[in-house]
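The next block holds one structure in the form of structure tokens; read it before the comments.
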Amino acid sequence: MAQETLTGAEMVLKALTDQGVEVIFGYPGGAVLPIYDEIFKQNKIRHILVRHEQAAVHAAEGYARSTGKVGVVLVTSGPGATNAVTGLLDAMMDSIPVVCLTGQVPTHLIGNDAFQEADTTGITRPCTKHNYLVKDGNALARTIHEAFYVAQTGRPGPVVIDLPKDILMGKGSYEGPSKVQHKSYRPQIKGDLNRIEEAVEMLSKARKPLLYCGGGVINSGPAASQLLTQFAKMTNFPVTLTLMGLGAFPGSDPQFLGMVGMHGTYEANWAMHDCDVMVCIGARFDDRVTGRLNAFAPNSKKIHIDIDPSSVNKNVQVDCAIIGDVGHVLEDMIKVWKSRQANVDAAALDAWWKQIGEWRARDCLRYQQGDQIIKPQYALQRLNELTKGRETYFSTEVGQHQMWAAQFLTFDKPNRWLTSGGLGTMGYGLPAAMGVQVAHPDALVIDVAGEASIMMNIQEMSTLMQYRLPVKVFILNNRYMGMVRQWQELLHGGRYSESYSESLPDFVKLAEAFGAVGLRADKVSEVDDVIKEMIEVNRPVIVDCAVDQTENCFPMIPSGAAHNEMLLGPADQVAKPISEDGMVLV
Amino acid sequence: MMQKEEIVRHTFSVLVNNEAGVLARVIGLFSGRGYNIDSLTVAEVDVHEKLSRITIVTSGTPMIIEQIKAQLGRLVPVHKVRDLTVEGPHVSRELALVKVVGSGEKRVESLRIADIFRARVVDSTNESFVFEIVGATEKLDAFINLMEPLGLADVSRTGVAAIARGPKPL
């Protein structure tokens, strides 16, 4: 059988095309010039030139998270690869499928400290799902196809392919994607039916059940979100979502208790603490969710559905583990529930809902909006209100604004919410929003930002201008690294060490300098008009919204505390000093 | 308070693709997550399929041991992970080369003990022996301890290779 002989760079483009790739986020350099030459010669794949490699990875994450496809990154050797590392680890922690092609010095120079050489596979080994160094042109195409398989199969994640320049210039034979089968990696997709029956049995006896769902539901695809909703509707069980899971169940549904965890709602966290059967679906008992482990949901039986066996029994011992894809398991669970005509204890469930209603009545997200200074919560509530009914995607940076956005924005569909959950990467939001806008040119894409975070990847405004991507940056400007300041207030005696945002730029002029639109809101009365104008303008916009400098993000479970020890507001914090054990935790 | 769980020692057999970086991945997993490696051996066992077998002896709480197994299984080039300690009886062997330097009665005594342990002399000079000894880790430990007062000069150990008893392969 005659196989095509192509140069390495030609094979890269052909393999990407065969994988259905439509867009690459990248930045050129010496080691990847042959690939850029091939990009120049074709017009099937679009290349988005970012201004920093970290942003290329975040943009690819945004693209991937909002479409369910694999995001593709292309960077050069050495600094190109090292700059991408933060993005790779971000994708790893949040299970986002990304394939990152990195240039490398020619094979005979590897290990010689050559110009722009870095041990890319060594550096990225712990922050990728898998990585490759291609040393044989004939293995190149197969490696790329395998990388796409690994990135999106099982628990998704980033995969790096390191490409020495001589491999890109030299010839090799091309293999199509259909011929490639992975030797060892075959994650379990279908759940064990015995375990599923066991879970249904446990749930039918539950008096205080809770569905605790995370990003795994979204990774499993939109069908999984529908199945989750169907299951919740069949059973009338309350649902809470993690930060990564927002949108997996309709946020406006009365069965939704709000987000769980450190800055989750009172009702969600108390339900978590008091429930008797918990189903963890595509979430991982993260320390932001569990609070103090030995006080976590002490009287509950726990069922855990996860595609990654290493997530099970890592932090919390569970009673019934179901390894498999969330969508497949939920489908089977619904079937078993129906076929067994399982019933819930309606009276107990009523009492449970009544209890939840009492917690809800505490109205934990309440805040006091005066008539002058804008409260950040108010700005987000208006943003939520004024974007309703549109096709809207929200990304965030990291900090207080991120938690407020999670609390006050409503997501009724999956894939509409993009945030750096696991790694907590400041500077994530703007490039991620860029990736979303590339994938959804007609959608309204808003990056909710803080004035400190936005400075970390502000250079991407230039990319937005170049490709006419009308991303909206909505800065909640409190002139502090708000979350750092909040912790310093609560834990370090109000000594605000280095957490103020000094010498900030004039964000309106900054927007204009990039050629974008700058808007400002200083008073409550200006908020609506500014948001409306931001939405109407079909260009990139930066909104500088000056908000209350001292507002803290509540409710809050202090580190080292249990769910039922959460602080509801400023009045709580004096009464309960944070323990020394808790101080050590982040 | 978290109850203090006892530390247990387990032996894992891991079948992996013999490709560049696979050992670094396994070791990086252990160092990155703070797991212990008591012993580690690796060699190719299937030339045609390019498979290597790694034997790892590790210790930790039962929860950590379960995590180690799951984390190893999650590595892309890993085919199989077996916890030999859990999955029935197994044989584990180690080889050591032990250099003993001395003369007179001590030299004779070292030979006598080597004979009891069925260690072989693989190198000899007028003032030294190199013994080769094969057996379970504890047997090697005992032999080396006995050699200590008799002029123990150098030890090289291979680490543990292990395999399940009975007809079933990995």
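The values are calculated or read from the model by the stated rules, or taken from the named source; none is laboratory data. A quick note: this is a predicted structure, and the numbers were derived from the prediction, not measured. Reconstructed Cβ throughout: ideal geometry from the backbone, glycine too, with neighbour counts over all protein chains shown. Accessible surface areas use protein heavy atoms only, side chains included; no ligands, DNA or RNA. Shrake-Rupley method; radii C 1.70, N 1.55, O 1.52, S 1.80 Å.
Expressed as a whole percent, the accessible area of the stretch B:90-163 that falls on carbon and sulfur atoms is 53 (1.4 Å probe). Close lysine pairs were tallied over chain B: pairs 8 or more places apart or on different chains with Cα atoms under 26 Å apart number 9. Among beta bridges identified by DSSP and lying wholly in the protein assembly as shown, the antiparallel ones come to about 40 percent. Within the stretch A:193-360, the ratio Rg/Rh, alpha carbon atoms throughout and Rh by Kirkwood, equals 0.92.
Our note on the geometry: Cα centres of the stretch A:522-586 and the stretch A:147-175, 42 Å apart.
With N as its number of residues, the stretch A:376-546 has a Cα radius of gyration that, divided by 2.2 N^0.38 Å, comes to 0.97. A Gaussian network model of chain B, with springs between Cα atoms under 10 Å, assigns the largest mean-square fluctuation among B:Ala43, B:Ala24, B:Ala96 to B:Ala24. Debye-formula intensities of chain B, expressed as log10 I(q)/I(0) at q = 0.14 Å⁻¹, are -0.82 (one equal scatterer per alpha-carbon, no solvent). On the principal axes of its alpha carbon atoms, the stretch A:39-141 extends 41, 35, 28 Å, with the longest extent given first. As a ratio to 2.2 N^0.38 Å, the alpha-carbon radius of gyration computed for the stretch A:88-211 takes the value 1.47.
The residues of chain A expose, per residue, 38 Å² of accessible area to a 1.4 Å probe.
The stretch A:493-549 has equivalent-ellipsoid semi-axes of 26, 16, 7 Å, by the square roots of 5 times the alpha carbon gyration tensor eigenvalues, sorted largest first. Counting, for every residue in A:180-189, the Cβ atoms of other protein chains within 10 Å of its Cβ and taking the mean gives 3.
For the residues A:Glu451, B:Glu44, A:Glu502, a 1.4 Å probe over the protein chains yields an accessible-area ranking, largest first, of A:Glu502, B:Glu44, A:Glu451. Working ranking of peptides B:107-116, A:145-154 by packing, defined as the average number of other Cβ atoms within 10 Å per residue, highest first, is A:145-154, B:107-116.
Rounded to the nearest 100, the interface formed by chains B and A buries 1700 square angstrom of accessible surface, both chains summed, with a 1.4 Å probe.
Expressed in whole Å with the largest first, what are the equivalent ellipsoid semi-axes of the stretch B:8-83 derived from the C-alpha gyration tensor as the square root of 5 times each eigenvalue?
Result for the stretch B:8-83: semi-axes of 21, 12, 11 Å.
Legend: mean number of C-beta atoms from other chains within 10 angstrom of residue C-beta atoms, peptide A:309-317, equals 4.
Which of the helices in chain A, when you take each full DSSP H run, stretch at least 18 Å along the axis at their Cα atoms and have an average Kyte-Doolittle score of -0.5 or higher?
Taking the DSSP H segments of chain A (at least 18 Å long, mean hydropathy at least -0.5), we get A:79-93, A:137-152, A:222-235, A:326-339, A:346-360.
Expressed as an acute angle from 0 to 90° and rounded to the nearest 10, what is the orientation of the C-alpha long axis of helix B:62-74 relative to the principal long axis of chain B? Value to nearest ten degrees: 70. Heavy-atom surface analysis with a 1.4 Å probe gives chain A a carbon and sulfur content of 50 percent of its accessible area. Using a Cα-Cα cut-off of under 16 Å, which lysines could be cross-linked to A:Lys375, ignoring same-chain neighbours fewer than 8 residues away? In chain and number order, the partners are A:Lys523.
Rolling a 1.4 angstrom probe over the protein heavy atoms with all chains in place gives the stretch B:90-163 an accessible area of 57 Å² per residue.
Normalised by residue count, the stretch B:89-151 yields a Cα convex hull volume of 65 Å³ per residue. Of the residues A:His440, A:His108, ranked by 1.4 Å probe accessible area with the largest first, the sequence reads A:His108, A:His440.
For the stretch A:5-179, the equivalent ellipsoid derived from the alpha-carbon gyration tensor has semi-axes of 21, 19, 15 Å in decreasing order. Shielding by partners for peptide B:24-31, expressed as the average number of C-beta atoms from other protein chains within 10 Å of each residue's C-beta, is 2.
Ignoring aspartates and glutamates fewer than eight residues from A:Lys14 along the same chain, the ones with Cα atoms less than 14 angstrom from its Cα are A:Glu4, A:Glu22, A:Asp37, A:Glu38, A:Glu175. Relative protection proxy for A:515-525, A:462-472, A:182-192, from highest mean packing down: A:462-472, A:515-525, A:182-192 (other beta-carbon atoms within 10 angstrom). Between their Cα atoms, which of A:Lys135/A:Lys314; A:Lys301/A:Lys388; A:Lys338/A:Lys413; A:Lys44/A:Lys171; A:Lys354/A:Lys413 are more than 29 Å away from each other? Pairs exceeding 29 Å: A:Lys135/A:Lys314; A:Lys301/A:Lys388.
Computed as a quarter of the hull surface, the mean projected area of the alpha carbon convex hull for chain A stands at 27.6 nm².
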